[in-house]
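K.L.:
Structure in structure tokens, see below.
Just so it is clear, none of the values below were taken in a lab; they were calculated from the coordinates. Predicted model, so just to flag it, every value in this text is computed and none were measured. Glycine gets a Cβ as well: all are built from the backbone with ideal geometry, and neighbour counts include every protein chain shown.
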Amino acid sequence: MHALKLCFRFAWALCVLAFCLLHIASLFEFNARYVGGDKALDWLLGEEPSAELHECASKWCRACATEQRWNMFSTVGASSDIPCVVILHKNGTRTLLRSEQEPPLLNMPSGLNYITSTEYTEAQSEFGWNFNCGNGRLRKLESNVIDGPASYSSARLNYVRWRMRGYLEGRPELADDFLRVDLVSIRIDHPDPDGPPRLGGATWKMQYDERWDSDWPKQIKLTRIP
Amino acid sequence: MRAMLAAFSDFWFKALPAHPAAAFRITLGLVLMLDAGATLLPNVAQWFGPLGLYEASDYTWWIDRPGRWGMFEADTSVEVLRWAVIGLMASAYGLIFGLCTRLAALAAFVLLTSLHHRNPNILSAADILLRSGLFYLALMPSWRAWSLDRLMLGRLARVWTNFGPPAQAFSAWSVRLAQVQLCLLYGFTGLEKAQHGFDGDWLNGSAIARSLRFVTIARVDWLSWVPVRATAPVTWLTLLWEIAFPLLIVWRRTRPATLAFGVLVHAGIFLTMEVTHFSFTILAFYWLFVPASVLMDMRGKSQDGTRRHYRVFYDTMCPVCNKARRQLTRLDWLGRLRFEDLHDRSLCEASLPGVSYADQLRAMYVLRPDGQFFSGFAAVRTLMPVLPIFWILWPLWMLAWLPGFSHVGAAVYRFIARNRFKYAACDSEVCSLHLKLLAGRELDEEVIAQVIALHERFRQANTKGAAPESATA
């Protein structure tokens, strides 16, 4: 009985040790690839075995829910990109649905949430500062939405639809005046070396097309300019 | 070879006290409760619902990647997800109070991972670190200390058997995994920062200045005026600390300073930047490096329930020391300190072996319950975990461990100790004589003999004065 107990304890210890070493090796492989480990492994094992090893390590990390490349703030950057939904009305004016991450525009009249944009880049190009507190999740989502080249994506489509729902809530008749809706990325340059943040530019990312979205807030036909 | 194998086996399977794991568990539970309650529960429809920001069916390809898993399908309703978040909060309470601890940790890990995989767009490094922490917590028997589970099991054991409560220790391997995770996190983060070379923000010294100007993350603009040159040394020091963290934490001598620096870094990040709960989650891992004896000292009780006190040996003849003693007594809100007279030689020789009378006349000594003793500034620093004022003024506590600050602190202590005669106002002749003997002199055998003679005279004078009846008789 005592011998059986000892055998069991020894076997358990071996299993635990194997698990620990496998886990650490997977974590190490997953992270080391991004700091030159991929080249070292390719040289050591060959490209295909190295790729297979990476796939195995990734599977293990995903199963343990510990897959993460630890590179927070490895590049800090000199600007922020923020999504903005631009509504073009039939009369030629624009409404900008600004992100809550976006700092307040210093020259904007108080109490006005949405502005028409002919003067946007000129008079209102100086930004103030938000008190950034507790908005981390939406900031992450908006960064992911706006990241990447101009193209359609379901993440962008969902985001535009969500902003439009909020804008049209209680007043869906406003949508009858829409000509087209676009998603634009606004670049805000951080102060360098001092002064307030400034508008750095705007980049078009996607045109919203309600044909692709049965959940669009209101059934209207938007102009689709390719 | 045998020694190496023994050390390897010791590293993974040695019995560790459960108190650091319990502190880790409670901290993660608090973070989870706040995160789930404040950011997930009020926004379930927004993050996960069909009318929200995410269409789960569009991400089937991501969820279906080998190894990835989750409890929720693309068509799982918002109501079910809302109950899942409530279940997550219930697990968090289980972790905080140590109720059904193992089950709570497993449930928290499974639920949080499933919710994360339902909408990965809202996740940050803090979320991944939290669920990693829950993974390691599910492997740890953290219920063995500071938990309702242990309390209840102990009572059951006493009622149904003659055994005492469950042991407050467990095999080290699960804690080691979490410790290694933290080392890998810092090490690889540092390497990724450095690999951009001098074109990158870190090696050119501008990273912290840029972070303080990051308009959508930096909390306020108060520090955006700080010039790059002023923050460059801190940037380089932080980078060096991150890369060297795995080595610094392994070596016992550098471990306290390494952890103290990390506490200050993450507190600074939290105060200046909106990075969700990252600072609190990563600081939870720090508990796993704090010796159990320190945690027990803060709690004030040993594993067997006996009270733990720090014994402070000081010069009762010195007015500066007496004043310090009165200050410490005022700050000792939890009654953790016991004061001893260094002139009681038999007591001191028994309690502080190898410490001479001269050593004790030069500096205050503190004896910890684990038998270690410290003198001078190190003694002051040792008292900080058991004085609640330093839990509030924790930056001072952390700074006291940093190289540079600790050297300055030690130099200030030595200066005051050597020159206390100049700052003391004596109220008795023996006090004045005592300080005159010590002031500015090398404490050699002759001086010690004079101090002993002075105290013997004082003791005899006290005895005669205290016994007038016997004198007249």
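K.L.:
Going down the table (A:Lys5/B:Lys301; A:Lys39/A:Lys59; A:Lys39/B:Lys14), which pairs top 27 Å between alpha carbons? Numbers along the way, then the final one.
P.N.:
Numbers: A:Lys5/B:Lys301 35 Å; A:Lys39/A:Lys59 20 Å; A:Lys39/B:Lys14 37 Å.
Over 27 Å Cα-Cα: A:Lys5/B:Lys301; A:Lys39/B:Lys14.
K.L.:
Next up: Fully extended, how many nm does the chain gain between B:Ala167 and B:Ile416 (0.36 nm per residue separation, minus their Cα-Cα distance)? Working shown, then result.
P.N.:
Values: separation 249, 0.36 × 249 = 89.64 nm, distance 4.60 nm.
Result for the pair: 85.0 nm of gain on full extension.
K.L.:
Next question, about the same structure. Sort B:Ser346, B:Ser142 by Cβ crowding within 10 Å, fewest neighbours at the top. Write down the numbers at each step before the final one.
P.N.:
Numbers: B:Ser346 7, B:Ser142 31.
Ranked by crowding around the Cβ, least crowded first: B:Ser346, B:Ser142.
K.L.:
State, to one decimal in nm, how far the label point of A:Leu14 lies from the label point of B:Leu396, with both points 7 Å from Cα in the Cβ direction.
P.N.:
The two pseudo-label positions are separated by 5.7 nm.
K.L.:
Name the residue farthest towards the positive end of the dipole of the protein assembly as shown from the options A:Trp70, B:Phe48, A:Trp12, assuming +1 on Cβ of Lys and Arg, -1 on Cβ of Asp and Glu, about the Cα centre.
P.N.:
Farthest along the dipole direction, towards plus: A:Trp12.
K.L.:
Related question: Give the average, rounded to an integer, of partner chain Cβ atoms located within 10 angstrom of each Cβ in A:148-158. Write down the numbers at each step before the final one.
P.N.:
Values: counts 0, 0, 0, 0, 0, 1, 5, 6, 0, 2, 8.
Average neighbour count from other chains, rounded to a whole number: 2.
K.L.:
In whole angstrom, and with the biggest value first, how far do the Cα coordinates of chain A range along each principal axis?
P.N.:
Sorted largest first, the three principal extents are 87, 47, 39 Å.
K.L.:
Can you tell me which aspartates and glutamates have their Cα less than 15 Å from the Cα of A:Lys218? Leave out same-chain residues fewer than eight positions away.
P.N.:
Of all the aspartates and glutamates, those that pass the test against A:Lys218 - Cα under 15 Å, at least 8 places apart if same chain - are A:Glu169, A:Glu173, A:Asp176, A:Asp177, A:Asp209, A:Glu210.
K.L.:
Considering the Cα positions of the protein assembly as shown, please state its Rg to one decimal place and its Dmax as a whole number of Å.
P.N.:
Radius of gyration, then largest Cα-Cα span, for the protein assembly as shown: 31.9, 120 Å.
K.L.:
Quickly rank A:130-141, B:176-187 as a protection proxy: mean count of other C-beta atoms within 10 Å, highest first. Show your work: numbers first, answer last.
P.N.:
Working: A:130-141: 18.2, B:176-187: 20.6.
Result, highest mean first: B:176-187, A:130-141.
K.L.:
Pull the list of chain B cysteines that no other Cys approaches to under 4.7 Å, Cβ to Cβ.
P.N.:
B:Cys100, B:Cys183, B:Cys348 - these cysteines have no disulfide-compatible partner (Cβ-Cβ under 4.7 Å) in chain B.
K.L.:
A further question on this structure: By count of other Cβ within 10 Å, fewest leading, how are B:Trp401, A:Trp12, B:Trp143 ordered? Provide the component values of the computation, followed by the final result.
P.N.:
Values: B:Trp401 20, A:Trp12 11, B:Trp143 29.
Ranking B:Trp401, A:Trp12, B:Trp143 by Cβ neighbours within 10 Å, fewest first, gives A:Trp12, B:Trp401, B:Trp143.
K.L.:
Still on this structure, please answer the following. What is the gain in length, in nm to one decimal, between A:Tyr34 and A:Ile225 on full extension, counting 0.36 nm per residue of separation less the C-alpha to C-alpha distance? Display every interim value, and only then the final one.
P.N.:
Details: separation 191, 0.36 × 191 = 68.76 nm, distance 4.09 nm.
Computed gain between A:Tyr34 and A:Ile225 is 64.7 nm.
K.L.:
Could you calculate the FRET efficiency of B:Lys301 with B:Asp199 from 1/(1 + (r/R0)^6), where r is the beta carbon distance between them and R0 is 45 Å, rounded to 0.05?
P.N.:
Details: r = 55 Å, r/R0 = 1.22.
Computed FRET efficiency for B:Lys301 and B:Asp199: 0.25.
K.L.:
Other chains' Cβ within 10 Å of B:105-113 residues: what's the mean? Write out the running numbers ahead of the final one.
P.N.:
Numbers: counts 0, 0, 0, 0, 2, 1, 0, 1, 4.
Averaged over the peptide's residues, the number is 1.
K.L.:
Using Cα-only point scatterers and the Debye equation, what is log10 of I(q)/I(0) for chain B at each q in 0.07, 0.11, 0.13, 0.14 Å⁻¹, rounded to two decimals?
P.N.:
Summing over Cα pairs of chain B leads to -0.52, -1.06, -1.30, -1.40.
K.L.:
Can I ask one more? Given charges of +1 on the Cβ of Lys and Arg and -1 on the Cβ of Asp and Glu, with all other atoms neutral, how large is the dipole of chain B about its Cα centre, in debye to the nearest 20?
P.N.:
On the way: 46 positive and 34 negative charges, 200 e Å.
Charge dipole of chain B: 960 debye, to the nearest 20.
K.L.:
Starting from the Cα of B:Arg252, step 7 Å toward the Cβ, then list every residue of segment B:379-400 with an amide N under 18 Å from that point.
P.N.:
It comes to B:379, B:382, nothing else.
K.L.:
As an exercise, find the ratio Rg/Rh for segment B:1-56 from alpha-carbon atoms, using the Kirkwood inverse-distance average for Rh.
P.N.:
Numbers: Rg = 21.5 Å, Rh = 15.2 Å.
Rg/Rh: 1.42.
K.L.:
What is the order of A:Thr93, B:Thr216, fewest Cβ neighbours within 10 Å to most? It would help to have the intermediate numbers written out before the result.
P.N.:
On the way: A:Thr93 13, B:Thr216 23.
With the sparsest Cβ surroundings first, the list reads A:Thr93, B:Thr216.
K.L.:
Semi-axes, largest first, in whole Å: what does sqrt of 5 times each Cα gyration tensor eigenvalue give for segment B:296-418? Spell out each step's value before the answer.
P.N.:
Details: eigenvalues 88, 78, 37 Å².
Here the semi-axes work out to 21, 20, 14 Å.
K.L.:
So if I place +1 on the C-beta of Lys and Arg and -1 on the C-beta of Asp and Glu, and nothing else carries charge, what would the dipole magnitude of segment B:12-171 be about its Cα centre? I want it in debye, nearest 20. Working shown, then result.
P.N.:
Details: 12 positive and 9 negative charges, 195 e Å.
Here the size comes out at about 940 debye.
K.L.:
Turning to a different aspect of this structure: For segment B:12-171, take the alpha-carbon Rg, divide it by the Kirkwood Rh, and send me Rg/Rh. Before the final figure, lay out each step's value.
P.N.:
On the way: Rg = 17.9 Å, Rh = 16.8 Å.
Reported Rg/Rh (Cα atoms, Kirkwood Rh): 1.06.
K.L.:
Another one. Would you list the P(r) distribution for segment B:174-289, with all Cα-Cα distances sorted into 5 Å bins from 0 and each bin expressed as a whole %?
P.N.:
Here the calculated profile for segment B:174-289 is 2, 11, 19, 23, 21, 14, 7, 2, 0, 0.
K.L.:
Can you tell me how segment A:131-179 classifies by the Cα gyration tensor, rounded, prolate or oblate, using a/c under 1.5 as the rounded cut?
P.N.:
Oblate, because a/c is 1.5 or more while a/b does not exceed b/c.
K.L.:
How much length would be gained if the chain were fully extended between B:Phe97 and B:Glu73, taking 0.36 nm per residue of separation minus their Cα-Cα distance, in nm to one decimal? Before the final figure, lay out the partial values.
P.N.:
Working: separation 24, 0.36 × 24 = 8.64 nm, distance 3.17 nm.
Gain in length upon complete extension: 5.5 nm.
K.L.:
Which residues in segment B:92-118 place their backbone N less than 13 Å from a point set 7 Å from the Cα of B:Leu151 along the Cα-to-Cβ direction?
P.N.:
Residues passing the 13 Å test: B:96-100.
K.L.:
Oh, and also: Would any residue of segment B:372-393 have its amide N under 14 Å from a label point 7 Å out along Cα→Cβ of B:Leu271? List them or say none.
P.N.:
B:392-393
K.L.:
Just tell me how shielded B:121-130 is by partners: mean number of partner chain Cβ atoms within 10 Å of each residue's Cβ, no decimals. Intermediate values should be presented prior to the final figure.
P.N.:
Values: counts 10, 8, 5, 6, 7, 3, 4, 6, 4, 0.
Mean shielding count: 5.
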